[in-house]
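See structure below.
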């Protein structure tokens, strides 16, 4: 007979930070994203958004088996991420009982907030199944967010063969032009790019690409970038693919490591390399990196933009539910 589950609330940043080692070790055995579901991402999100932690944990015989990573404002508890990503109960294995217990406690009216908002729940994931078992899944919008991904066949050449002839032809031309201009595409490691320099570099290139349309114009988002990117990069939970020449970086894309997947997050490049189709070159380099890492899929995350459909054809959904505490 297994030991009973014991639950605890961690409502201070210091208490959550003390839990980080166990949390991330559990995450690394789970099917969730190694960056977006990490303690580092959570702590940076809380700090950036000025939210108080409401992290519920479940233990069995002293072992951490599940984490519900919530934070609260005045009226609502939610996943605190300022950037839309998949979010769920962190657990290794089919811990539906633990997930139900965590959600029951999070929905208690005595927690100091009125509502629980869960956004980014993966379809068929632990949180969704626990909600249905508790009879609280009727308000779930299972397709609130949709994204695209591509299972990776055995080789890079097999992957290219699965894409359109036009894309293959364009890539050959784009690579030739970049090489002729002296550009190189490669993954950068923390030994090559000091992690402390990554936030400013990323924001500069992102703003150069998107200007006022950038999702990082708010102080909240910029605080998150400053707090989250250096440690995630050091931990190799976040990877950098760069377009560079002569020691100068002209463009980069940031990728989050998943469970057997490489997940596109954000990037940017200077206008001078737009004519080289820098976005396509960086994405192609990421596909090659995914193969080098032994990944099983390339996840382009939320959004069904036309350029994404050229690289990935399968859809993945994430749900949202808003629940009243009782």
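Computed quantities for the displayed model
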quantity	calculated
Candidate set: the stretch 96-121, residues that are in contact with a helix residue (DSSP H, G or I) (Cβ under 7 Å, 6 or more places away or on another chain) and within 19 Å of residue 31 (Cα to Cα); chosen: the one surrounded by the most Cβ atoms within 10 Å (Cβ to Cβ)	121
Cross-chain or 6+ apart pairs with Cβ under 7 Å, the stretch 194-223 first and over 18 Å from residue 82 (Cα atoms), then assigned to a loop (DSSP other than H, G, I, E, B) and modelled with pLDDT of 95 or more	205/270; 208/270
Residue 251 closer than 20 Å to residue 213 by Cβ, in the same structural domain as residue 211 (by TED's automatic domain parsing) and more than 14 Å from the chain's Cα centre (by Cα)	yes
Restricting the stretch 273-297 to residues that are closer than 14 Å to residue 167 by Cβ and in contact with a strand residue (DSSP E or B) (Cβ under 8 Å, 6 or more places away or on another chain), the residue that is surrounded by the fewest Cβ atoms within 10 Å (Cβ to Cβ)	279
Residues that are crowded, with 16+ Cβ neighbours inside 10 Å and free of Cβ contacts under 8 Å to residues at least 60 places away in the same chain, drawn from the stretch 25-47	37, 39, 42, 46
Check on residue 264, in a strand (DSSP E or B) and under 30 Å from residue 93 (Cα atoms)	yes
Residue in the stretch 300-320 that is out of contact with any strand residue (DSSP E or B) (no Cβ under 8 Å at 6 or more places or on another chain), over 17 Å from residue 151 (Cα atoms), in the same structural domain as residue 181 (by TED's automatic domain parsing) and free of Cβ contacts under 8 Å to residues at least 12 places away in the same chain present	no
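Let's see how each residue does on (1) under 18 Å from the mean Cα position of the chain (by Cα); (2) within 20 Å of residue 325 (Cβ to Cβ); (3) in the same structural domain as residue 259 (by TED's automatic domain parsing); (4) in a helix (DSSP H, G or I):
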position	(1), (2), (3), (4)
25	yes, no, no, yes
29	yes, no, no, no
40	yes, no, no, yes
64	no, no, no, no
70	yes, yes, no, no
102	no, yes, no, yes
121	yes, yes, no, no
130	no, yes, no, yes
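The values are calculated or read from the model by the stated rules, or taken from the named source; none is laboratory data. Predicted model only: the values in this text are computed from it and were never measured. Here Cβ is always computed from backbone atoms with ideal geometry, including for glycine, and neighbour counts include all displayed protein chains.
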